[in-house]
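The values are calculated or read from the model by the stated rules, or taken from the named source; none is laboratory data. Being a predicted model, the structure only gives us computed values, none of them experimental. Note that each Cβ is placed from the backbone with ideal geometry, even for glycine, and that neighbours are counted across all protein chains shown. For the accessible areas, the whole protein counts, side chains as well, though only heavy atoms, and no ligand, DNA or RNA atoms are used. Shrake-Rupley method; radii C 1.70, N 1.55, O 1.52, S 1.80 Å.
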Amino acid sequence: MNKIKGLGRLLFQLYKWLFVIPCFVLLTIIFGTTAILSSYVMTPRKAAFNGVFWARLTAYSAFMRVKIINRGNIDSKQSYVVVVNHQSAMDIIALYGWLGIDFRWVMKQEIRKVPFLGYACYRVGHVYIDRKNQAAAIHSLEAAKERIHSGTSVLFFPEGTRTESSALKPFKKGAFKMALDLGLPVLPITLSGTDDVMPTKTLELMPGKVNMTIHPAISTAEMTEENIDELMQLSFSAIESDLPAKSDS
């Protein structure tokens, strides 16, 4: 839990409105536009690298520090289905800025409407999914499969939405079905601390430290669709194992 109290907390909220939020908007315009333009002359992998600068500069402006734990569990030449817990909007900043692999995000359709950011994500190959339309969602996931090869991975928040506590919500099956369909390993990642930097459904931004723990990949080589519940449970247990216990106080 963030320990800044009283006047310090008030001053940081003033700093947030006067600097961090204007900085975020400006960075989104600059790097969103750059990503869109570069996508016409570069591969999606290279154009997407604009997002790393966008994310890191945003994090630095907010005094958010990110520590990577067990990066050696990633093989840069291997494609994965990456699954991550979701507690805060700052999860996106941490992952884009520090995960260090080429990946395509499966993100909710509503982000497509965000100026600059939405179209930039589309141009570099991220996948929008309409959770209210099952047929359209299936079509989007089928399209995503075509982009996952040669070290490019796909990233899901398998809970489907942000949680308001450290407790994981039940996982949805989409990520794990894709892993089984493509014969790709699942790479579980735990993010902790982002909800202290910015709790879900708020703009209560505070400086803080985020840990990104990369767990050993889970092979699907000997699995079929009959093993999907087992695969989900293995991934759930891996992510949950590194979440800090939080009191209600």
Inset, instruction - Over segment 1-76, average the accessible area per residue using a 1.4 Å probe and give it in Å², no decimals. - result: 64
Inset, instruction - Rank-order 46-52, 201-207 by packing density, defined as the average count of other C-beta atoms within 10 Å over each peptide's residues, highest first. - result: 46-52, 201-207
Inset, instruction - Please arrange Arg56, Arg131 by accessible surface area, largest first, computed with a 1.4 Å probe and ligands excluded. - result: Arg131, Arg56
Legend entry - the chain - Kirkwood radius from inverse mean 1/r over Cα pairs (Å): 18.7
Legend entry - Cut-off under 5 Å, modelled amide H: who pairs with Phe103 long-range: Ser153
Inset, instruction - Please give the solvent-accessible surface of Phe19 in Å², to the nearest 10, using a probe radius of 1.4 Å with every protein chain present. - result: 100
Legend entry - Within the chain, percent of DSSP bridges classed antiparallel, to nearest 5: 20
Legend entry - Three-way shape call for segment 108-191 based on the alpha-carbon gyration tensor, with the a/c threshold at 1.5: rounded
Legend entry - Members of Lys5/Lys173; Lys77/Lys132; Lys46/Lys108 lying beyond 31 Å, as alpha-carbon distances in this model show: Lys5/Lys173; Lys77/Lys132
Inset, instruction - Starting from the amide H of Ser79, placed 1.01 Å from N in the peptide plane, find each other amide H under 5 Å away whose residue is 5 or more places distant or on another chain. - result: Gly151
Inset, instruction - Please work out the ratio of the alpha-carbon Rg of segment 53-184 to 2.2 N^0.38 Å and round it to two decimals. - result: 1.05
Inset, instruction - Please give the calculated 222 nm ellipticity per residue for the chain, where each DSSP H segment of at least 4 residues contributes -39500 (n - 2.57) and the sum is spread over every residue; nearest 500 deg cm²/dmol? - result: -11500 deg cm²/dmol
Inset, instruction - Run through every distinct alpha carbon pair of segment 1-79 and return the Kirkwood hydrodynamic radius in angstroms, one decimal place. - result: 15.2
Inset, instruction - Determine the distance separating the Cα centre of segment 46-116 from the Cα centre of segment 201-227; give it in Å without decimals. - result: 12
Inset, instruction - Sort 7-14, 209-216 for me by packing, meaning the mean count of neighbouring Cβ atoms within 10 Å per residue, highest on top. - result: 209-216, 7-14
Inset, instruction - Using a 1.4 Å probe and counting only protein heavy atoms, arrange Tyr15, Tyr96, Tyr80 so the residue with the most accessible area comes first. - result: Tyr15, Tyr96, Tyr80
Inset, instruction - Send over the Kirkwood Rh of segment 169-217, from the inverse of the averaged 1/r over different Cα pairs, rounded to one decimal Å. - result: 13.2
